[in-house]
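Participant: Sharing a structure, written as structure tokens. Questions coming.
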Amino acid sequence: YQISVAKSGGNATTNLQYGVMEEEINHCGEGGLYAELIRNRAFQGSKTYPSSLDAWVPIRGSSLALKNLSDPLSSALPTSVRVSGIGQSGFTNLGFFGIDVRPQKYSGSFYVKGSYNGKFTAKLQSITSGKILANTTITSKCAGDGWVQHEFVLMPETTASNTNNTFSLTFDASKTSDGYLDFNLISLFPPTWNNRPNGLRRDLMQAMYDLGPKFLRFPGGNNLEGETIPGRWKWNETIGPLTDRPGRATTWGYEETSGMGLVEYMEWCDDLGMEPILAIWSGHALNGDSVSEADLDFYVQDALNELEFLTGPVDTHYGALRAKYGHPEPWTIRYVEVGNEDNLSGGMDSYTGYRFQAFYDALSKRYPDIQVIASTIDMTLPGNAGGDYHLYDIPDNFITKFNMWDNYTDQHPILLGEIAATEFNNGYGVNWSDYHFSTYPWWIASVGEAVFLLGAERNADKIIGTTYAPWMMNLDNYEWSPTMLAFNANPDQTARSTSWHVYSLFNHNHMTNTLPATSPDAFGPLYYAAGLDSQTNSRIFKAAVYNSTANVPVSLKFEGVDRGATADLTVLTAPSAYAMNAVGAPNKVDSQTVKVTAGKNGIFNFKLPNLSVAVLRTN
Ligand code: AHR
């Protein structure tokens, strides 16, 4: 390949090329990024998933009963557990499929109601050995009828041999007036990223920090939509004290606590320097129901209220509420997506008929600087509206879409809001009534994605940015694979996928401007994009080789870069097309960086192996 890259003539990129898509699926938040260790901490339930004692076990001689008391902890958390017994009584939580125990501070709390003149004991214990890994006693503050919060700290001295550990809370029932106590909102957190209370798991944040995402699309996916209109994701039920958050039925088989709510998402953006791409509910649920045109105003206003909560000055109604919840400084929202995949589940007619336009008009009028994005590109987009394109497919079909954006209009920027090669090459693609998705991303899939990403990078003025989806899964309980990150209860075993390595390489070589590249040689098996990082004045060439029978020789000339100039060439490869990065296993993606020097006529000459992803960056 002889490739010439012009000095100018490209376009400014949106600067957001790679981001994160968040959706409560796969226990990626609950039992994942949200660092809470206690599963079913407040017995939250819904019509879909009624309150239960899931994850709770009575200690010997005790009995547990769910109660909806006439004086509950809060109206949002109406169900509590009554623990009765004789002498030492209590209950044990199994955590999110285990609990990681190591020498660090665990901050706990619980609410209890009843009359008790004794002490509580909180402990972490190994199921494997029976060993008590940490314990502490807490003097009861319960004198009568009200709910009283108790706080405690657990400090294990050693690291447990595995995550087969439990948390228990016990008390002496003989010192209660009634032989029982009522408990609710029992919580335990390890240290979190930036030590935020109610915060996020460190290893997963570290994996994202190291990747350097530039945006967060949230709360994404089907879970935003809800199975029914009343079951939609309601922003105002995810804010404020945890006792005010009722939780809800996700669309993925379990109840969420909403402990990770709107404010926590924004703090996540703050902590990783990500641009929020806020998804608002668009009036459509997965069961096919759409809000009628006559009834839509309420939901449009609800979205405006949400934006006022996030961005309004403190003298506005919702801005004041945000300040009350610890954030007097307004956030900035520049992107709002209306709904999720409204072209599916029977939503298209009402979306194109009146729903999108109603949200677009109201948002554009009130916030003219916000880029409004439709949840599909299969429609005529009004004004300057953007669209969202999703792609789950076999690797080969990512290659055929390399040039998909080349002739796309620049009037309607596109978010690539969910992208993943999900299924091995099979000659046709994904059959959605009988699909066979891989557990993890695998190398040829990641290279296929890289080719598609290069097509987007070549058009990075029109493409707002790209994100893999779903982003994470708890390997011990998930609904959809593959994902960018996979994990279990042990933070040391978190897997950064083969695709993570591709995204990370591309992201850390960010182009502020595209540059036109020409070649007498057609794309395939080499695919590439070129540009400039105006911060460092580096020229950047990104490439992927897909299905080549030999190493691909490249002669690369950047206009204005002369003989003797140097560059760093980083090449990613893997031992086989099917190499995967699994939870608890070593990384298989090899990354080699070498210095290359421009020779005669200022040309960089190098070879790229089959199934490689590479970046050359001038010094
Ligand atoms: O990412 C998993 C699902 O795929 C999302 O919920 C939905 O938007 C898409 O169909």
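Participant: Convert each backbone phi in the range 115-132 into a coupling constant with the Karplus relation 6.51 cos²θ - 1.76 cosθ + 1.60 (shift: θ = phi - 60°), then list the ³J(HN,Hα) values in order as whole Hz, x for Gly and Pro.
Facilitator: After applying 6.51 cos²θ - 1.76 cosθ + 1.60, I find 9, 9, 10, x, 10, 9, 10, 10, 8, 10, 9, 7, 6, 4, 10, x, 5, 7 Hz.
Participant: Based on the Cβ-Cβ distance from Ile86 to Glu293, what FRET efficiency comes out when R0 is 60 Å, to the nearest 0.05?
Facilitator: Efficiency, from the Cβ-Cβ distance: 0.45.
Participant: When a/c reaches 1.5 or more, the comparison of a/b and b/c decides; with that in mind, is the range 164-225 rounded, prolate or oblate per its Cα gyration tensor? Intermediate results must be reported in sequence, preceding the final value.
Facilitator: Values: a/c = 3.87, a/b = 2.27, b/c = 1.71.
Judged from the Cα gyration tensor, the range 164-225 comes out prolate (a/c at least 1.5, a/b above b/c).
Participant: Still on this structure, I have one more. Within a Cβ distance under 14 Å of Val83, other residues only, what is the Lys/Arg minus Asp/Glu net charge?
Facilitator: On the way: positive: Arg60, Lys67, Arg82, Lys113, Lys175; negative: Asp172, Asp178, Asp182.
Around Val83, the charge tally is +2.
Participant: Report the full-extension gain for the segment Tyr209 to Thr439: residue separation times 0.36 nm, less the Cα-Cα distance, to one decimal in nm.
Facilitator: Numbers: separation 230, 0.36 × 230 = 82.80 nm, distance 2.37 nm.
Result for the pair: 80.4 nm of gain on full extension.
Participant: Run the numbers for His317 and Asp349: contour at 0.36 nm per residue of separation, minus the present Cα-Cα distance, in nm.
Facilitator: Working: separation 32, 0.36 × 32 = 11.52 nm, distance 3.47 nm.
Full extension from His317 to Asp349 adds 8.0 nm.
Participant: Sticking with this structure for a sec: So if I place +1 on the C-beta of Lys and Arg and -1 on the C-beta of Asp and Glu, and nothing else carries charge, what would the dipole magnitude of the chain be about its Cα centre? I want it in debye, nearest 20. Mind showing how you got there, number by number?
Facilitator: On the way: 43 positive and 63 negative charges, 404 e Å.
Its charge dipole is roughly 1940 debye.
Participant: Something else about it: About its Cα centre, what dipole magnitude does the range 56-189 give when the only charges are +1 on Lys and Arg Cβ and -1 on Asp and Glu Cβ, stated in debye to the nearest 20? Let's see the in-between values first.
Facilitator: Working: 11 positive and 8 negative charges, 47 e Å.
The calculation lands at about 220 debye.
Participant: Quick check: the angle from helix 297-311's long axis to the longest principal axis of the chain, C-alpha only, nearest 10 degrees?
Facilitator: Tilt relative to the chain: about 90 degrees.
Participant: Tell me what the chain gives for mean residue ellipticity at 222 nm when only DSSP H runs of n ≥ 4 count, each as -39,500 (n - 2.57), the sum divided by the residue total, rounded to 500 deg cm²/dmol.
Facilitator: On the way: 9 runs with 90 residues, N = 619.
That comes out to -4500 deg cm²/dmol.
Participant: Can you give the % of DSSP beta bridges in the chain that are antiparallel, to the nearest 5? Let's see the in-between values first.
Facilitator: Working: 94 of 130 bridges.
That works out to approximately 70 percent antiparallel.
Participant: Obtain the nm distance between the two label points defined at Asp492 and Asp562 by a simple spin-label model: each point lies 7 Å from its Cα along the Cα-to-C-beta direction.
Facilitator: Between Asp492 and Asp562, the simple spin-label model gives 5.5 nm.
Participant: Expressed as a rounded percentage, what relative contact order does the chain have, with Cα pairs under 8 Å and six or more residues apart? Display every interim value, and only then the final one.
Facilitator: Working: 1575 pairs, mean separation 100.3, N = 619.
Value for the chain: 16 percent.
Participant: Between Ser177 and Ser548, what is 0.36 nm times their sequence separation minus the Cα-Cα distance? Round to one decimal in nm. Please list the in-between numbers first.
Facilitator: Values: separation 371, 0.36 × 371 = 133.56 nm, distance 7.76 nm.
125.8 nm is the gain from fully extending Ser177 to Ser548.
Participant: Same structure again: I need the GluC sites (Glu not before Pro) found in the range 140-246, filtered to DSSP loop residues with at most 15 other beta carbons within 10 Å of theirs.
Facilitator: Numbers: sites: Glu151, Glu157, Glu225, Glu227, Glu237; in loops: Glu157, Glu227.
Answer in residue order: Glu157.
Participant: Go ahead and run the numbers for FRET between Thr400 and Lys105, Cβ-Cβ distance against an R0 of 51 Å, rounding to 0.05. Write down the numbers at each step before the final one.
Facilitator: On the way: r = 52 Å, r/R0 = 1.03.
That gives a FRET efficiency of 0.45.
Participant: For helix 202-211, report the angle its Cα long axis makes with the longest principal axis of the Cα atoms of the chain; keep it between 0 and 90° and round to the nearest 10°.
Facilitator: Helix 202-211 sits roughly 10 degrees off the main axis of the chain.
Participant: For the pair Asn605 and Asn426, what calculated FRET efficiency results from E = 1/(1 + (r/R0)^6), where r is the Cβ-Cβ distance and R0 = 41 Å, to the nearest 0.05?
Facilitator: According to the calculation, E is roughly 0.65.
Participant: Right, another one. For the peptides 415-422, 399-406, 22-29, what is the packing order when you average, over each peptide's residues, the other Cβ atoms within 10 Å and list the highest mean first?
Facilitator: Values: 415-422: 25.5, 399-406: 16.4, 22-29: 27.2.
Order by mean packing, descending: 22-29, 415-422, 399-406.
Participant: How big is the dipole moment of the range 216-378 about its Cα centre under a simple scheme where the beta carbon of each Lys and Arg is +1, that of each Asp and Glu is -1, and everything else is neutral? Debye, nearest 20, please.
Facilitator: Details: 11 positive and 27 negative charges, 44 e Å.
Computed about the Cα centre, the dipole is about 220 debye.
Participant: Shifting gears a bit: For labels at Asn68 and Lys595 in the simple 7 Å Cα→Cβ model, what's the distance in nm?
Facilitator: 7.2
Participant: Now for a separate question. If Lys and Arg each add +1 and Asp and Glu each add -1, what is the summed charge of the other residues whose beta carbon sits under 14 Å from the beta carbon of Ala323?
Facilitator: Values: positive: Arg322, Lys324; negative: Glu308, Asp315, Glu329.
Net charge in that neighbourhood comes out at -1.
Every read-out reported here was derived from the displayed coordinates using simple, explicitly stated rules and does not represent laboratory data. As the structure is a prediction and not an experimental result, all values here were calculated from the model. Note: ideal-geometry Cβ built from the backbone for every residue, glycine included; neighbour counts use all protein chains shown.
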